[in-house]
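Enquirer: The structure's right below; bear with me while I get my questions together.
The values are calculated or read from the model by the stated rules, or taken from the named source; none is laboratory data. Quick caveat, the model's predicted, so the values are computed rather than measured. In this analysis, Cβ positions are derived from the backbone assuming ideal geometry, glycine residues included, and neighbour counts consider all displayed protein chains. We work out accessible area using only protein heavy atoms, side chains counted, and drop any ligands, DNA or RNA first. Shrake-Rupley method; radii C 1.70, N 1.55, O 1.52, S 1.80 Å.
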Amino acid sequence: MTARALKVPGIAYGGDYNPEQWPEEVWAEDMRLMAEAGVTMVSVNIFSWALLEPSEGAYDFSRLDRILDMLHAHGIAADLATPTAAPPAWFFVEHPDALPVDKDGRRLSYGSRQTFCPSSPAYREAALRMVGELAGRYADHPAVVMWHVHNEYGCHNAECYCDVSAEAFRAWLQDRYASLDALNHAWGTTFWSQWYYDWDQILPPRATGAVPNPTHQLDWRRFSSDALLSLYEAERDVLREAAPATPATTNFMVMYNFDALDYWRWAPQLDIVSNDHYLQSADPESQIDIALSGDLVRSLAGGPWLLMEHSTGAVNWQPVNRAKTAGELRRNALGHVARGADGIAYFQWRAAKAGAEQWHSAMLPHAGTDSQIWRDVVQLGADLRALDEVRGSVGAAEVAIVWDWNARWAVELPSQPSGELHFQDLVRAWYEPLWRAGVAVDFVRPDADLSSYRLVLAPSLYLVDDEGAANLTAFAERGGTLAVGFHSGMVDANCHVRLGGYPGAFREALGVRTDELFPLLPGESVGLTGGGTGVLWSERVRLAGAEAVASYTDGPLSGVPAVTRNSHGSGSSWYLATQPDPATLAGLLDLIRRDAGVEPVRKAPEGVEVALRRGAEADYLFLINHTGRDAEVAVAPGAVELLTGKPAAGSVTVAAGEAAVVREPRRD
Ligand code: GAL
């Protein structure tokens, strides 16, 4: 985080504001209602390119001038977007080569948004020209407190397989490998006659007859993330030059199903990290997804962050789009604040009448102010004002979960021992019991500084480079507790198998050696001593220093260790060679946590979410009751519940479906 801080007091509140979609008479009502809701900051101009530049080089900023002046006159800050996520139709008519090409060689058409090739020179030039105009005009506008660069990079165009992208890919590869020989060895191209004799022979991994080379595919993911990152950096540099003190952000999508960008590489390039989060209708416990994504974003940011988008109710892009239940809007928003969000914003301010998102909820719904959503939105504004002092406070976790996009990409490549391993599901399975127990968690890269943690978990780390493996192993040697999930440590940074037995890089630290893998079929399970079962995976583990904590009780591996514990250096390391059923996994993680000496943030009844933010002067205990029963939680003497402003004498009662935020004297 840099000195380019957000100049908006307290917890910022607002959403995407698209006044250009409405007649100007409506704007006055917007200003009145934003004041009523307590809105302090809105994101504007995200999709306005076609209105700002009607034809190449001809600009009309008059409407945006009026919008920014109006916001300033009403004391509302602007998070001013560069409109580069949606180039106008004229641009594609003039530059049809800038349209992206999919894996099957189909060139897509314009008519929606983000239909550009990330490596297109014409796009880069047009986008930077527009950003230059915008920056020059508004760098000193008093409403502008932040630059919102682009929108959700890679949401619709994470990969382009055109010839221009192929050329950019080759340049990226030359930079990475310097010589073709090095590339051929890294990719293992002696296999299937894939040896390259000329850089020009290398293509993107386009649709082909059989399985493409895994390292080729992995480098393609790395390249595609970097191609978009370089667009972000180019825009940011133009903005920074014009307005050196104004922070820049771009909204991440650390959520289910989006895995295109390696956000560990992106986050250091942002002045303020922001994220978008939407509930999945099919997830019955989406509060856990909110917590996981919030912990991940806080970890990426290294501190507080902004929730740039979520929804007040239903979205419009799932098979069936569920509304939120009573109190859910408030619980969701406070759930993000609990995990470090210093700003809460929605897509969008006013529900659209026309366009592709006309059935998406908003702060001001189609029904107008006589609606539950509006009442909740106004209530939330008051809640966030009551939490002003929470701003800037940070998390304090003794547990770290290793999260790595390279490992995620690699484990989900085709032709794995099992096609059933989904990185985010594997991580969430381990995260859930910790969430239920109220244990604070950070996420880390494999090579992170681990000195502040007692316990490090690597639920899924199929690929790990040498540095990461050494770092994790050294953590256990120096007295930490390390727990590793199956199919981890298997391949190096080039996706080459680590030989000599599994789990490759962690064999020694875990004190086990596996000679063969026995993944389980969908629906199949294996019994475990102690009464539990395992799914997804089993393997023929032999002890090489570790002790067995549980073994398989049936199937071909009956009697073979399934969970092990090893004393390694002055620490200990655990191996889970199957995916235990949720109750068994919870029991094991409880055991491992106690082994590491980690305590929950606070004891609370089941279903009451607990999280702590630590400020310079006080601790802030968030209690969110996701159950239908009132719950009582003990708090420190001298505590105050901030949402009601009432002193809490020894304990607080959190009513069914409600939340409490308790200021406690800081404990060190
Ligand atoms: C986001 C996007 C917004 C809006 C929203 C709808 O992905 O940034 O512009 O489309 O989804 O849920």
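Enquirer: For segment 59-101, what is the Kirkwood hydrodynamic radius in Å, using each pair of distinct C-alpha atoms? Let's see the in-between values first.
Expert: On the way: mean 1/r = 0.0775 Å⁻¹.
For segment 59-101, the Kirkwood estimate is 12.9 Å.
Enquirer: Hey, another quick one. Counting only Cα atoms, I'd like the Rg/Rh figure for the chain, Kirkwood definition for Rh.
Expert: Numbers: Rg = 25.8 Å, Rh = 26.5 Å.
Answer for the chain: 0.98.
Enquirer: Mind checking the dipole of the chain: about its Cα centre, +1 per Lys or Arg Cβ, -1 per Asp or Glu Cβ, Debye to the nearest 20?
Expert: Details: 54 positive and 86 negative charges, 237 e Å.
About 1140 debye.
Enquirer: Provide the per-residue ³J(HN,Hα) series for segment 519-529, in order, calculated from phi with Karplus coefficients 6.51, -1.76, 1.60 and θ = phi - 60°, each as a whole number of Hz, with x at glycine and proline positions.
Expert: After applying 6.51 cos²θ - 1.76 cosθ + 1.60, I find x, 9, 6, x, x, 7, 9, 10, x, 10, 4 Hz.
Enquirer: Just to confirm the filter: which trypsin sites (Lys or Arg not before Pro) across segment 1-100 are DSSP coil and have at most 15 other Cβ within 10 angstrom of their Cβ?
Expert: Those that pass, being in a loop and sparsely packed, are K7.
Enquirer: How much solvent-accessible surface does C155 expose, in Å² to the nearest 10, with a 1.4 Å probe and all protein chains in place?
Expert: 50 Å²
Enquirer: Over the heavy atoms of D554, what accessible area does a 1.4 Å probe trace out, to the nearest 10 Å²?
Expert: About 70 Å², ignoring ligands and nucleic acids.
Enquirer: According to the Kirkwood expression over distinct Cα-Cα pairs, how big is the hydrodynamic radius of segment 608-665, in Å?
Expert: Details: mean 1/r = 0.0894 Å⁻¹.
Hydrodynamic radius (Kirkwood, Cα only) of segment 608-665 equals 11.2 Å.
Enquirer: So for each of 201-209, 264-272 I average, over its residues, the number of other beta carbons within 10 Å; can you give me the resulting order with the highest mean first?
Expert: On the way: 201-209: 14.1, 264-272: 18.2.
The packing order, highest mean first, is 264-272, 201-209.
Enquirer: Would you please give the residues with an amide H less than 5 Å from that of A631, counting only those at least 5 places away or on a separate chain, with H modeled from the backbone geometry?
Expert: Under 5 Å from the amide H of A631: V654, A655, A656.
Enquirer: In what sequence, largest accessible area first, do W22, W359, W574 appear using a 1.4 Å probe? Don't skip to the answer; put the middle values down first.
Expert: Numbers: W22 50, W359 190, W574 10 Å².
Result of the area sort, largest leading: W359, W22, W574.
Enquirer: Mind pulling up the Rg/Rh value for segment 399-596? Radius of gyration and Kirkwood radius, both on Cα.
Expert: A ratio of 0.92.
Enquirer: So for segment 511-575, what are the equivalent ellipsoid semi-axes in whole Å, largest first, each being the square root of 5 times an eigenvalue of the Cα gyration tensor? Please list the in-between numbers first.
Expert: Numbers: eigenvalues 96, 29, 19 Å².
The answer is 22, 12, 10 Å, longest axis first.
Enquirer: Using each residue's phi in segment 369-386, evaluate 6.51 cos²θ - 1.76 cosθ + 1.60 at θ = phi - 60° and report the 3J(HN,Hα) Karplus result to the nearest Hz, with x for Gly and Pro.
Expert: Ordered by residue, 3J(HN,Hα) equals 7, 7, 7, 5, 4, 4, 4, 5, 5, 5, 4, 5, x, 5, 4, 5, 4, 5 Hz.
Enquirer: With all pairs of different alpha carbon atoms counted, what Kirkwood hydrodynamic radius in Å does segment 273-389 show?
Expert: After inverting the mean inverse Cα-Cα distance, the result is 14.6 Å.
Enquirer: Turning to a different aspect of this structure: Treat every Asp and Glu Cβ in segment 398-534 as -1 and every Lys and Arg Cβ as +1, leave all other atoms uncharged, and give the resulting dipole magnitude about the Cα centre to the nearest 20 debye. Let's see the in-between values first.
Expert: Working: 9 positive and 18 negative charges, 59 e Å.
Charge dipole of segment 398-534: 280 debye, to the nearest 20.
Enquirer: Could you point to the residue in G57, Q416, L231 farthest towards the positive end of the chain's charge dipole, with +1 and -1 charges on the Cβ of Lys/Arg and Asp/Glu respectively?
Expert: Q416
Enquirer: Something else now. Taking all protein chains together and a probe of 1.4 Å, list W199, W49 from the most accessible to the least accessible.
Expert: Details: W199 45, W49 0 Å².
Final ranking, largest accessible area leading: W199, W49.
Enquirer: With every protein chain present, what is the per residue accessible area of segment 273-389 (1.4 Å probe, Å²)? Spell out each step's value before the answer.
Expert: On the way: 3890 Å² over 117 residues.
Roughly 33 Å² per residue, with all protein chains present.
Enquirer: In deg cm²/dmol and to the nearest 500, what is the mean residue ellipticity at 222 nm of the chain if only DSSP H runs of at least 4 residues count, each as -39500 (n - 2.57), divided by the residue total? Don't skip to the answer; put the middle values down first.
Expert: Values: 17 runs with 205 residues, N = 668.
Value at 222 nm, helices only, nearest 500: -9500 deg cm²/dmol.
Enquirer: In whole Å, how far is the Cα centre of segment 156-188 from that of segment 283-303?
Expert: So the two Cα centres are separated by 33 Å.
Enquirer: Right, another one. Length gain on complete extension for the stretch Q372 to A656, per 0.36 nm per residue less the alpha carbon to alpha carbon distance?
Expert: 100.4 nm
Enquirer: Near the amide H of S43, under 5 Å away, which other amide H atoms are found, from residues 5 or more places off or on another chain, if H is placed in the peptide plane?
Expert: The answer is G15, D16, Y17, D79.
Enquirer: Still on this structure, please answer the following. Quick one: compute the contact order of segment 399-596, relative version, from alpha carbon pairs under 8 angstrom and 6+ residues apart, as a percent. Display every interim value, and only then the final one.
Expert: On the way: 447 pairs, mean separation 39.8, N = 198.
In percent, rounded to a whole number, it is 20.
Enquirer: Then there's this: Go through segment 121-138 residue by residue and turn each phi into a ³J(HN,Hα) via Karplus (6.51, -1.76, 1.60, θ = phi - 60°); whole Hz please, and just put x for glycine and proline.
Expert: Values per residue, Gly and Pro as x: x, 5, 5, 4, 5, 5, 5, 5, 5, 4, 5, x, 4, 5, 5, x, 6, 10 Hz.
Enquirer: Would you mind computing, in nm to one decimal, how far apart the modelled labels at Q201 and R614 are, each placed 7 Å from Cα along Cα→Cβ?
Expert: Simple spin-label model gives 5.7 nm for this pair.
Enquirer: Oh, and also: Return the whole-Å distance between the Cα centroid of segment 389-442 and the Cα centroid of segment 630-668.
Expert: When both Cα centres are located, 29 Å separates them.
Enquirer: Ordering M308, M70 by how much accessible area each has at a 1.4 Å probe, largest first, what is the list?
Expert: Numbers: M308 5, M70 30 Å².
Correct descending sequence by accessible area is M70, M308.
Enquirer: Out of the total accessible area of the chain (probe 1.4 Å, heavy atoms of protein only), what percent is carbon and sulfur?
Expert: On the way: 13140 of 25600 Å².
Ligands and nucleic acids excluded, carbon and sulfur give 51 percent.
Enquirer: Accessible area of D163, 1.4 Å probe, to the nearest 10 Å²?
Expert: 110 Å²
Enquirer: Which order do the peptides 525-532, 560-567 come out in when sorted by mean C-beta neighbours inside 10 angstrom, highest first? If you can, show how the numbers build up before the last one.
Expert: Numbers: 525-532: 18.1, 560-567: 22.5.
Put in order of decreasing packing, that is 560-567, 525-532.
Enquirer: Only loop residues by DSSP count here, and only those with at most 11 other Cβ atoms within 10 Å; note down the GluC sites (Glu not before Pro) in segment 60-167 that meet that.
Expert: Working: sites: E94, E125, E133, E152, E159, E167; in loops: E152, E159.
Here no GluC sites (Glu not before Pro) fit, given the DSSP loop and packing criteria.
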